[in-house]
Amino acid sequence: HPPLQRVYSSATFEQLLTQVCQTWPQHTRNLRQPKTWPESFCLGEDRQPAMPSPVARRVDFTQGRLPPTLMPVMSSVDRENRQLQLLLVMGVDDSLGGVVRLNGSLYPAFAVPSADNRHLVISALTDKGLRYAG
């Protein structure tokens, strides 16, 4: 059977990220944002970033709307250096958006629940596009 892919609007995510940066400027001022944003985010059945496939069945979330207010879902701060490691707020449908620290740098983060709903699959938006982060 053809793979199932979930597609999200990166413009809507960018809007959410802007709200996060305005709400927590002290934590997000060193955020690394890509020079160019992909048109959309495509996730595979494992909820990790995927190349859009012409044969895939698509679940389209690109018209989805953000919650009217920022709703933080999870955050974590490094005990020693007090640096923010992860901050996620509710996004479109069951997705989350925010920031994640990778190799010492803060990147935009996009996350969705795993297929079995047991954990979150977090991706970071880098200059090379959306990358699985954990």
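The values are calculated or read from the model by the stated rules, or taken from the named source; none is laboratory data. This is a predicted model, so every value here is computed, not measured. Backbone-built Cβ (ideal geometry, glycine too); neighbour counts: all protein chains shown.
The single condition among (1) surrounded by 12 or more Cβ atoms within 10 Å (Cβ to Cβ); (2) under 16 Å from the mean Cα position of the chain (by Cα) that VAL59 does not meet is (2). Of everything in the range 33-53 that is modelled with pLDDT of 90 or more and charged (D, E, K, R), the residue that is nearest to GLU14 (Cα to Cα) is ARG47. Scanning the range 63-92 for residues that are under 14 Å from PHE13 (Cβ atoms) and either free of Cβ contacts under 8 Å to residues at least 60 places away in the same chain or touching an Asp or Glu at 6+ places or on another chain (Cβ under 7 Å) (or both) yields a count of 8. Total residues in the range 93-134 satisfying the condition of being without any contact (Cβ under 8 Å) to a residue 24 or more places away in the chain and within 9 Å of the chain's Cα centre (by Cα): the figure is 1. I need every pair where a residue in the range 21-50 that is at positive phi has its Cβ under 7 Å from the Cβ of a residue that is part of a loop (DSSP other than H, G, I, E, B), sequence separation at least 6 or different chains. Cβ pairs passing all conditions: ARG47/SER114; ARG47/ALA115. Among the residues of the range 2-32, those that are surrounded by 17 or more Cβ atoms within 10 Å (Cβ to Cβ), out of contact with any Cys (no Cβ under 9 Å at 6 or more places or on another chain) and outside any helix (DSSP H, G or I) comprise SER9, TRP24. Take the conditions among the small types (Gly, Ala, Ser) and in contact with a helix residue (DSSP H, G or I) (Cβ under 9 Å, 6 or more places away or on another chain) and apply them to SER95. Does it pass? Yes: the conditions hold for SER95.
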